[in-house]
Every structure is written in structure tokens, then in C-alpha cells.
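The values are calculated or read from the model by the stated rules, or taken from the named source; none is laboratory data. Here the structure is a predicted model, which is why all the values come from computation and not from measurement. Every residue, glycine among them, receives a Cβ derived from its backbone with ideal geometry; neighbour counts consider all protein chains shown. These area figures cover heavy atoms from the full protein model, side chains too; ligands, DNA and RNA do not enter into them. Shrake-Rupley method; radii C 1.70, N 1.55, O 1.52, S 1.80 Å.
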Protein chains: 2
Amino acid sequence: MSKPYRISELASEFGITTRTIRFYEEKGLLTPSRQANSRLYSDSDRVILKLILRGKRLGFSLQESCEIIALYNPQQGNEKQLQVFLNKIQQKRQQLIQQQHDIEIMLQELKNSEQQCLAYLANKSNSA
Amino acid sequence: MSKPYRISELASEFGITTRTIRFYEEKGLLTPSRQANSRLYSDSDRVILKLILRGKRLGFSLQESCEIIALYNPQQGNEKQLQVFLNKIQQKRQQLIQQQHDIEIMLQELKNSEQQCLAYLANKSNSA
DNA sequence: GCCTTAGTTGACGTTAACGTAAACGGCAGC
DNA sequence: GCTGCCGTTTACGTTAACGTCAACTAAGGC
């Protein structure tokens with residue numbers, strides 16, 4: 001148990017506002033403890049926050065990030081429940097792989113534009 | 001010049017609504033021609049629509065997708081403008097690479113969860 | 001005791017990206 | 001000539017993810 005974080009610490013560490021952090025709590029994603037009237041965030045709260053922000057960078061909604069975080073914590077259950085769980089994992093995997101492809105193509109297209117641009121610059125400085 | 005598309009054709013091809021397509025036009029992303037009172041979409045309209053949807057899958061806003069599409073069409077300009085252009089490309093590239101990393105990690109974590117789940121299932125069927 | 005500096009709750013405001021509904025035009029088929 | 005069906009414009013509605021503001025409390029410094 002390391003020292004807990006205050007809300008402003010997390011906010012500045014991750015470059016978000018305290019309002020945002022409280023909003024995530026309101027949505028049930030974070031469950032900090034209280035000391036007097038102040039919130040205290042544990043390491044695991046911090047991890048969850050990190051996961052949320054990672055999801056955000058990939059364009060996932062809070063709801064989706066929430067589901068993904070749930071996928072990180074396999075719970076025991078009967079065989080059927082575990083199958084549902086495995087299917088969900090598979091779905092997310094497909095989605096992520098699709099994103100990988102999209103990114104590959106975008107990077108290639110950006111590279112093409114860059115090449116054209118550089119060629120034009122080189123040509124220009126040649127003729128100058 | 002191939003046969004132009006009607007709005008419902010594009011909608012069903014991409015699995016979106018006609019309202020969405022009209023919305024993109026409203027935002028200036030698409031500029032279909034008109035025949036009488038109907039919209040006619042060209043191949044290039046279709047390409048742009050594809051790019052928008054790709055951006056969406058990666059969590060980009062319409063505004064961002066718009067900027068990325070602009071990056072695909074290098075315009076001539078003076079050296080300074082071209083430098084700005086190259087910088088923007090570089091920025092987007094960094095963002096995409098960050099997303100690649102995020103995806104790698106997520107995929108790994110999903111894999112871990114899957115392994116745990118499978119191990120539990122195997123164990124269970126063993127003891128049965 | 002007063003001020004400043006976090007922090008709190010509660011409420012209303014805002015923006016993007018569409019959804020939805022109303023009222024209308026045009027044409028193909030019967 | 002009426003019925004669908006596809007399309008149009010206009011306009012108001014909706015949801016997510018916060019921003020912003022007000023009014024308040026609790027702790028620490030001088």
C-alpha cells in the first residue's frame with residue numbers, strides 16, 4: 001500500500017481536469033475512498049484511470065473502456081459464462097486488429113504525401 | 001467517370017444512414033452534384049466517405065478526419081507552407097504510432113485474460 | 001481571526017454527431 | 001388517379017463527455 005493520490009495529483013499527472021476525474025467516479029468507473037471530505041485514490045484507481053485514457057486515445061467510449069477493463073479481470077464462472085467472456089475478448093481483438101490495419105494504411109498514405117512534398121521542395125531548391 | 005452513386009446506395013454499402021451522409025455534406029466534407037432534386041455522388045465522394053469512416057474507427061472527430069484528408073492532398077505552396085504541412089504530417093504520424101503502441105498493449109492484455117480463462121476451463125474439465 | 005488554497009456538491013451550459021419527425025416533390029406500377 | 005417508395009428541406013430532440021459557475025467546507029500559514 002503506497003501513499004494514496006489526491007485528485008489534483010492525478011489530474012496533473014495525466015493532464016486532465018479534476019472535473020473529469022469526478023465525472024468518471026460519477027459514472028462508476030472510479031471508487032476512491034474518503035478522508036474527511038476529500039477523495040483518496042489508490043494505485044488501482046490510478047491504473048483504471050490509465051486504462052480509461054488509453055481507451056480514449058483509441059476512440060473508445062467510456063462505456064467501451066469500462067467493458068474492456070472488465071475483460072482484464074477474468075472472474076470465475078460456469079462454462080457458459082466463460083464462453084461468453086472468451087467471445088467478447090475475441091470481438092475486441094478483431095476490432096483492435098481492424099484499427100491496426102486502418103493505421104497501417106494511414107501511415108502509408110501520410111508517407112506518400114510526405115514524399116511528394118519533399119520531392120517538390122528538392123525540385124524547387126534545385127531550380128533556384 | 002463511372003456511374004454515380006445515389007445516397008441510399010452509399011448508405012447501404014457503408015452501413016450508415018442517409019442522414020449521416022447528408023450531415024457530412026452539411027459539414028462541407030462531401031459535395032455531391034445534383035440531378036433535379038437528387039444528390040449524385042462521384043467516385044471521389046465515395047473515397048472521401050471511406051476516409052471519414054476510417055477516421056471514425058480510429059476515434060477521430062470529423063474535424064480531425066477532415067484535416068487528415070487535407071494532408072492526403074499536398075498543395076503547392078511556398079517553402080514555409082510546405083514546412084507547416086510536413087510538421088502536421090509528422091504530428092499525425094506520432095499520434096498514430098502512439099495508437100499502435102496502445103493497441104499492442106491491449107492485445108497483449110486481452111491475450112493474458114484469455115489464457116487465464118482457458119487455463120481455468122482446462123483445469124475444470126480435468127477435475128470433472 | 002483572516003486569508004489563501006485544495007476540495008466538495010449541485011446545477012446548468014456546451015459541443016459533436018447524428019436521430020427523428022413533419023411536410024413536401026417526383027415517378028413507377030397498377 | 002392513387003399508392004408506395006425514394007428523395008428533399010427544415011427543425012427540433014438526444015446522448016456522451018465533460019466545462020463552468022456558485023456556494024460551501026476544511027486545513028494551513030501568519
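Each residue in segment B:57-73 was checked for being under 21 Å from A:LYS111 (Cβ atoms) and exposed (fewer than 12 other Cβ atoms within 10 Å of the Cβ), and 1 of them qualify. Which condition does A:GLN98 not pass, out of (1) touching a helix residue (DSSP H, G or I) at 6+ places or on another chain (Cβ under 9 Å); (2) of a type outside the set (Phe, Trp, Tyr); (3) within 14 Å of chain B (Cβ to nearest Cβ); (4) open to solvent by 90 Å² or more (accessible area, probe 1.4 Å), if it passes all the others? So the condition that A:GLN98 fails would be (4).
Just so you know, in segment B:9-35 the residues that are more than 8 Å from DNA strand C (Cβ to nearest atom) and under 16 Å from the mean Cα position of the chain (by Cα) include one that is most open to solvent (accessible area, probe 1.4 Å), and it is B:GLU13. All conditions in (1) away from chain A (no Cβ under 14 Å); (2) within 16 Å of DNA strand C (Cβ to nearest atom); (3) touching a Ser or Thr at 6+ places or on another chain (Cβ under 9 Å) hold for B:SER38, with the sole exception of (3). Take the conditions of a type in the set (Lys, Arg) and open to solvent by 50 Å² or more (accessible area, probe 1.4 Å) and apply them to B:LYS92. Does it pass? Considered against the rule, which asks whether it is of a type in the set (Lys, Arg) and open to solvent by 50 Å² or more (accessible area, probe 1.4 Å), B:LYS92 comes out as no.
Here the condition is being at pLDDT below 95 and touching a strand residue (DSSP E or B) at 6+ places or on another chain (Cβ under 9 Å); of B:ARG34, B:ARG39, B:ARG22, it holds for B:ARG34 alone.
Cβ separations smaller than 6 Å between residues 6+ apart or across chains give the following pairs from segment A:83-103 residues that are within 18 Å of B:ASP102 (Cβ to Cβ) and of a type in the set (Asp, Glu) to residues that are open to solvent by less than 50 Å² (accessible area, probe 1.4 Å) and not in a helix (DSSP H, G or I): A:ASP102/B:LEU58. So A:LYS27 fits all but one of (1) away from DNA strand D (no atom under 12 Å from the Cβ); (2) not assigned by TED's automatic domain parsing to the domain that holds A:HIS101; what number is the exception? Unmet for A:LYS27, out of (1) away from DNA strand D (no atom under 12 Å from the Cβ); (2) not assigned by TED's automatic domain parsing to the domain that holds A:HIS101: (1).
The set of residues from segment B:69-86 being within 23 Å of B:LEU29 (Cα to Cα), more than 7 Å from every other protein chain (Cβ to nearest Cβ) and either aliphatic (A, V, I, L, M) or in a helix (DSSP H, G or I) (or both) comprises B:ILE69, B:ALA70, B:GLN81, B:VAL84.
Only one entry of B:ARG46, B:ARG54 meets the criterion of being open to solvent by less than 50 Å² (accessible area, probe 1.4 Å), part of a helix (DSSP H, G or I) and of a type in the set (D, E, K, R), and that entry is B:ARG54. Contact map, segment B:41-63: first residue under 13 Å from B:TYR24 (Cβ atoms) and not assigned by TED's automatic domain parsing to the domain that holds B:LEU30, second residue open to solvent by less than 40 Å² (accessible area, probe 1.4 Å) and within 13 Å of DNA strand C (Cβ to nearest atom), Cβ cut-off under 9 Å, separation 6 or more or different chains; the map is empty.
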